[in-house]
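> Below you will find the structure I want to go over with you.
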Amino acid sequence: MTGLLEIKEKLKLMYSRNEVFIIPIAKFLLAFVTLTIINGRIGYMSSIDKLPIVLIAALLCSFLPIGFIVFFSAVFSLLHMYALSMEVALVGLCLYLIMFLLFFRFSPKDSLVVILTPILFAVKMPYIMPIAMGLLGTPASVVSVAFGVMIYYFLSHVIASSTAISSMDAGEVTAKLRLLIDGILSNREMVVIIAAFAVTIIVVYLIRRMSADHAWTTAMVAGAITNLVLLLVGDLVYDTNMSVLGAILGTVIALLVAKMLEFFGFCVDYSRTEKVQFEDDDYYYYVKAVPKLTVAAQTKTVKKINTQSTTVSSKANASGRNSGTLGRSTSASHTVGSRLDFDPSDSAEDLFEDLFEEDDFIGNSRNVVTQRTVYKRNADRSASAFRRNNGQHGVTINNNMNDDMAEDNDFDYNFEELE
């Protein structure tokens, strides 16, 4: 279960980061599939039954609101019906206008439902929609689901009656209209499915809204049983010739899809449920708090180490420390320089020469040299040169360096006048 929760969190994170790309791609694919199914099943107008036309329309739908997929689908289907017969296109236009007016009045946000319902009927899995909309929608979703069912059966009736309509003369307008209208109103299978789906949506919604534990699971199971029983009763009463095996398999698939929706939409931990009761001046409050079942997605942090930049940084830090030590040394040199009168910026050799020019000098200069490899070498050379050239002064140089001074690159040079 933890692995599934981690996958869920990763998918949510990926969607939040790439939402600007995922939504247009999803709308493009949905529009492309919808228009392709319409052209494949109806296909009476060959001028729009072409891949470039479908791609252009799908591309437009990817950047427009999702309601335009419904609009383009209606336009494509009306053009195909017009190629078959003008009367068929007229009946389809009136039906679409009635449905769209009622649709925008009751459930304007369910445009996706109007599109997906006929597609699910086309792939023989229509029983997913009532359970899914009961879990995710409201009772007003009955309107959008019913419109989707009506569109599917209307287009199916047009396809089934296309041969009879084509064989009629142009003057038989009344016969064509009667054939289409009777085919819609007398379709008992459509009426049974609309009624079963409507009751299923309401049952699932009411149970899902209850505060009982595992309400979503109970709702989807109750909705699946209700839908299956109503379909079987309708088949027995109205003789709709419905496939019982197909209905059972479709209901099982619907339950699996509903369980996936619950995992992504309402995954909670009922074992940690808390109930709280409190009151104010006007009301008593009974609160049931159910924590969500989540797990933090593991993230990997890759730290890049640039050895070259690290070396340069270390050198810079060392130079900074040496500069600070040298600054302290020059401060000390300023103090000594008040007696010896030398420039603190002089080199080590000049410093030693200045020091030993004073006959009566007895001093201790600390931190005069700060870099071990350079300044100590210069100091040693200066001392050796002094011994060779100025031995008559009777001065000795004691170079004392302990371990602590070696770590700090500090040296003591003690100058004492011999008596």
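The values are calculated or read from the model by the stated rules, or taken from the named source; none is laboratory data. The structure presented is a predicted model; accordingly, all values stated were derived computationally and were not measured. Here the Cβ positions follow ideal geometry from the backbone for every residue, glycine too, while neighbour counts run over all protein chains shown.
> Which of the helices (runs of 4 or more DSSP H) contained wholly in the range 160-278 include at least 3 residues that are of a type in the set (A, V, I, L, M) and farther than 30 Å from Leu90 by Cβ?
On the way: elements: 162-167, 173-185, 188-208, 215-238, 244-265.
Of the helices (runs of 4 or more DSSP H) lying wholly inside the range 160-278, those with at least 3 residues that are of a type in the set (A, V, I, L, M) and farther than 30 Å from Leu90 by Cβ span 188-208, 215-238, 244-265.
> Looking at the range 209-229, which of its residues are at pLDDT 90 or above, of a type in the set (A, V, I, L, M) and surrounded by fewer than 19 Cβ atoms within 10 Å (Cβ to Cβ)?
Answer for the range 209-229, where residues must be at pLDDT 90 or above, of a type in the set (A, V, I, L, M) and surrounded by fewer than 19 Cβ atoms within 10 Å (Cβ to Cβ): Val221, Ala222, Ile225, Val229.
> Same structure, new question: Can you say whether Val268 is free of Cβ contacts under 8 Å to residues at least 60 places away in the same chain and either aliphatic (A, V, I, L, M) or buried (at least 17 other Cβ atoms within 10 Å of the Cβ) (or both), as far as the supplied structure shows?
Details: free of Cβ contacts under 8 Å to residues at least 60 places away in the same chain: yes; either aliphatic (A, V, I, L, M) or buried (at least 17 other Cβ atoms within 10 Å of the Cβ) (or both): yes.
So Val268 fits the description; yes.
> Let me ask you something else. Determine whether Ser144 is touching a Leu at 6+ places or on another chain (Cβ under 8 Å), assigned by TED's automatic domain parsing to the domain that holds Leu230, of a type in the set (Ser, Thr, Tyr) and in contact (Cβ under 8 Å) with a residue 40 or more places away in the chain.
Numbers: touching a Leu at 6+ places or on another chain (Cβ under 8 Å): no; assigned by TED's automatic domain parsing to the domain that holds Leu230: yes; of a type in the set (Ser, Thr, Tyr): yes; in contact (Cβ under 8 Å) with a residue 40 or more places away in the chain: yes.
For Ser144, the condition - touching a Leu at 6+ places or on another chain (Cβ under 8 Å), assigned by TED's automatic domain parsing to the domain that holds Leu230, of a type in the set (Ser, Thr, Tyr) and in contact (Cβ under 8 Å) with a residue 40 or more places away in the chain - is not met.
> Scan the range 93-107 and give yes if some residue there is surrounded by fewer than 19 Cβ atoms within 10 Å (Cβ to Cβ), more than 30 Å from Leu177 (Cβ to Cβ) and modelled with pLDDT under 85, otherwise no.
Here is the first cut: in the range 93-107, the residues surrounded by fewer than 19 Cβ atoms within 10 Å (Cβ to Cβ) are 93-95, 97-98, 100-102, 104-106.
From the residues that got through so far, the ones that are more than 30 Å from Leu177 (Cβ to Cβ) too are none.
Looking for residues that are surrounded by fewer than 19 Cβ atoms within 10 Å (Cβ to Cβ), more than 30 Å from Leu177 (Cβ to Cβ) and modelled with pLDDT under 85, one finds none in the range 93-107, hence no.
> Would you check which residues across the range 279-296 are hydrophobic (A, V, I, L, M, F, W, C) and outside any strand (DSSP E or B) and list them?
Of the range 279-296, the ones hydrophobic (A, V, I, L, M, F, W, C) are 287, 289-290, 293, 295-296.
Result: Val290, Leu293, Val295, Ala296.
> Another question, then. Answer yes if at least one residue in the range 239-251 is surrounded by 17 or more Cβ atoms within 10 Å (Cβ to Cβ) and under 22 Å from Pro139 (Cα atoms), and no otherwise.
Yes, because at least one residue in the range 239-251 is surrounded by 17 or more Cβ atoms within 10 Å (Cβ to Cβ) and under 22 Å from Pro139 (Cα atoms).
> Answer with yes or no whether Ile184 is under 38 Å from the mean Cα position of the chain (by Cα) and either modelled with pLDDT under 95 or surrounded by 14 or more Cβ atoms within 10 Å (Cβ to Cβ) (or both).
On the way: under 38 Å from the mean Cα position of the chain (by Cα): no; either modelled with pLDDT under 95 or surrounded by 14 or more Cβ atoms within 10 Å (Cβ to Cβ) (or both): yes.
So Ile184 does not fit the description; no.
> Another question about this same structure. For Gly246, indicate whether it is modelled with pLDDT of 85 or more and more than 33 Å from the chain's Cα centre (by Cα).
Working: modelled with pLDDT of 85 or more: yes; more than 33 Å from the chain's Cα centre (by Cα): yes.
In short, yes.
> Taking the range 12-28 on its own, how many of its residues are of a type outside the set (D, E, K, R) and in contact (Cβ under 8 Å) with a residue 24 or more places away in the chain? Steps first, answer last, please.
The initial filter retains those residues of the range 12-28 that are of a type outside the set (D, E, K, R), namely 13-16, 18, 20-26, 28.
Applying the additional criterion that residues be in contact (Cβ under 8 Å) with a residue 24 or more places away in the chain yields 13, 24-25, 28.
Counting residues in the range 12-28 that are of a type outside the set (D, E, K, R) and in contact (Cβ under 8 Å) with a residue 24 or more places away in the chain gives 4.
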